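Inspection log for the structure reproduced underneath, given as structure tokens.
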Amino acid sequence: MRKVRHALITLLLLVAALLGFAALAGYPPAYLLAAPGVGTGIGAKLLCSARYVSGLSREQAFSDLVQYSPILENLTIEYDDAARKVTTSLLGLSETSASHLPGLGCTIDYPEVDVRGGGMPLPAVDTAAYWPAGDLAYPPGEAIQALVEDQVDSDNAAGLNTRALAVVYRGDLVAEVYDQGVSAQTPLLGWSMAKSLMSVMLGNLAYRDKLTMSGSPGFHQWSDDRRAAITLPQLLTMTDGLAFSEQYDPGDDATTMLFTEPLAARYVLQKPLVHEPGTHFNYSSGTANLLSLVYFNNTGASLQSSYRDFTENIYVPMAFQHAVFEVDAGGMFMGSSYFYASARDWARIGQLMLNGGVINGRRLVSADWVRKATSPNTAENDAAYGYQWWLNRGNAQLRWPDLPEDAFAAQGNRQQWIMVVPSRETVIVRLGWTAGSYPANQQFAAILDALSEN
């Protein structure tokens with residue numbers, strides 16, 4: 001009993017000290033109270049996926065993780081390779097585990113709501129064909145390959161941690177470079193580039209007459225208040241007007257949703273309206289997971305039915321080779337953040353858009369949908385954003401001044417990029433782990449210039 005009392009007193013003193021530190025540092029108490037749960041959540045989730053989806057070493061996975069916060073260096077980490085599970089704890093204040101399942105990747109464990117069962121079967125795809133139909137690649141162009149190699153070398157000499165850089169020109173994979181233990185077969189985290197894929201998935205439903213793009217998302221939770229006026233295009237362009245914070249501090253909406261909530265969309269459905277729909281752009285991973293709920297509801301409202309729809313109508317026709325779309329504990333795709341794919345697979349998404357909705361001889365979305373998806377939105381503060389795609393045009397100045405006006409991109413945390421330039425028939429994929437900014441405008445402009453010289 002005395003030992004228990006001593007441990008409790010020690011814990012209370014630690015909490016009091018941490019709260020005092022938070023006040024001195026200018027953080028609200030809620031920040032530090034949420035920190036242990038968020039810390040163990042992000043630790044378990046990212047370490048599990050890095051190890052069992054991407055195949056990174058434990059050392060590399062940990063090095064990547066602690067870039068987010070020094071407090072993560074204090075995690076106690078336990079790997080269970082037999083169960084493919086990672087458990088993390090932080091100073092005795094919180095413990096979280098995440099488990100890997102075939103076809104579904106890693107998810108934080110919430111046993112009371114987990115519907116993932118034993119995982120899902122990976123779809124069979126053709127590997128013995130040339131990109132984009134398979135996993136074979138022709139020899140690269142010498143000049144563009146040399147430039148891409150130089151860029152990766154320069155990036156990594158500067159500490160930018162570029163791990164994959166691939167260039168597609170006129171439908172051919174003309175250059176690709178891999179570094180830091182990554183290969184053409186390594187599925188890498190795209191973070192928010194998953195949003196652009198979810199957009200394509202909804203466009204596919206519309207093409208198959210399973211979804212009316214101009215209509216309501218159909219959430220009964222909003223039927224009796226002002227949110228009933230929100231349309232699907234407003235969700236796609238993040239002009240829905242919902243109060244969702246994307247600051248990524250402990251206690252913030254984004255970190256709470258990703259690392260402490262079992263059902264991502266359920267958390268966001270509770271958010272109130274703070275702007276008139278269609279008038280204000282607010283970048284929101286919460287909105288992206290509402291789009292995942294739309295996909296879920298319109299493909300049978302179960303993990304099995306939505307996974308089957310995804311594999312039959314997206315994964316196989318796209319010819320994804322090394323890709324996993326992770327789900328939350330309720331079996332819903334984490335459309336805000338958790339698609340892991342090789343550089344060649346990410347490039348397939350860009351090529352689909354470049355082709356106006358067609359890839360490998362199959363139309364997945366309509367040409368009109370691609371046009372609308374890459375057109376500016378109606379917001380007063382930032383119109384250069386389409387259906388979960390960043391646009392070069394739409395505001396007073398170009399977003400990337402050295403790139404053609406028609407360029408558009410998927411972007412993700414740590415500087416993940418799919419840059420699509422229709423007028424130059426080019427797709428560029430950059431994957432890595434950059435803590436700060438990345439000179440995408442200059443780097444990609446140099447690649448376009450080199451292609452024009454061929």
Angle in degrees between helix 142-157 and the longest Cα principal axis of the chain, rounded to the nearest 10: 20
Relative to the longest principal Cα axis of the chain, at what angle does helix 343-354 sit, 0 to 90 degrees, rounded to 10? 60
Taking the Cα centroid of segment 183-243 and of segment 337-400, what is the distance between the two, rounded to the nearest whole Å? 13
With the calculation restricted to Cα positions, what are the radius of gyration and Dmax of the chain in angstrom? 22.0, 78
Only loop residues by DSSP count here, and only those with at most 16 other Cβ atoms within 10 Å; note down the trypsin sites (Lys or Arg not before Pro) in segment 146-196 that meet that. Arg170
Residues His322, His220, His280 in order from fewest to most other beta-carbon atoms within 10 Å are His220, His280, His322
Treating the angle as unsigned and between 0 and 90°, give the value, to the nearest 10°, between the Cα long axis of helix 440-452 and the longest Cα principal axis of the chain. 20
What is the dipole size for segment 217-323, taken about its Cα centre, with +1 at each Lys and Arg Cβ and -1 at each Asp and Glu Cβ, in debye to the nearest 20? 240
Give me the distance in nm between label points sitting 7 Å out from Cα along the Cα-to-Cβ direction at Val113 and Ser437, one decimal. 3.8
Rough spin-label spacing in nm, given labels placed 7 Å along Cα→Cβ, for Arg208 and Thr279: 3.8
Apply the Karplus parameterisation 6.51 cos²θ - 1.76 cosθ + 1.60, with θ equal to phi minus 60°, to every residue of segment 166-174 and state each ³J(HN,Hα) to the nearest whole Hz, in sequence, with x for glycine and proline. 10, 10, 10, 9, 6, x, 10, 7, 9
Fewest to most neighbouring Cβ within 10 Å: what's the order for Leu398, Leu293? Leu398, Leu293
Farthest positive-ward along segment 150-452 dipole, Cα basis, beta-carbon charges - from Val174, Ala319, Leu431: Ala319
With +1 on each Lys and Arg Cβ and -1 on each Asp and Glu Cβ, and nothing else charged, work out how big the dipole of the chain is about its Cα centre, in Debye to the nearest 20. 920
Quick check of the Kirkwood formula: for segment 113-189, what is the inverse mean of 1/r over all pairs of different Cα atoms, in Å? 14.8
Within segment 383-427, which residues have the backbone N less than 18 Å from the label spot 7 Å out from Ala143 along Cα→beta-carbon, could you tell me? 424-427
7 Å from Cα along Cα→Cβ at both Leu91 and Ala157: what's the point-to-point distance in nm? 4.2
Could you tell me the calculated FRET efficiency between Val66 and Ala229, based on Cβ-Cβ distance and R0 = 35 angstrom, to the nearest 0.05? 0.20
Short version: ³J(HN,Hα) in whole Hz for each residue of segment 251-263, in order, from phi by Karplus 6.51 cos²θ - 1.76 cosθ + 1.60 (θ = phi - 60°), x for Gly and Pro, what are they? x, 6, 4, 5, 6, 4, 4, 6, 10, 9, 10, x, 10
Using the scaling law 2.2 N^0.38 Å as the reference, what is the normalised Cα Rg of segment 327-454? 1.09
Taking the convex hull of the Cα atoms, report for segment 335-389 its projected area averaged over all directions, in nm². 4.7
For Asn395, enumerate residues with amide H under 5 Å from its amide H, sequence gap 5+ or separate chain, H modeled in the peptide plane. Ala384
In Hz, Karplus ³J(HN,Hα) per residue of segment 180-192 (6.51, -1.76, 1.60; θ = phi - 60°; x = Gly, Pro): 6, x, 9, 10, 5, 9, 8, x, 10, 5, x, 6, 6
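I need the shape label for segment 252-396. Rule: rounded when a/c is under 1.5, else prolate if a/b > b/c, else oblate, with a, b, c from the alpha carbon gyration tensor.
Oblate, since a/c reaches 1.5 and b/c is not below a/b.
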Residues whose built amide H sits under 5 Å from the amide H of Gly432, excluding neighbours closer than 5 in sequence, are Arg163
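Where a number appears in this text, it was derived from the coordinates with a stated rule and is not lab data. Because the structure is a prediction, the values reported are computed rather than measured. Heads up, the Cβs are rebuilt from the backbone with ideal geometry, glycines too, and the neighbour counts pull from every protein chain shown.
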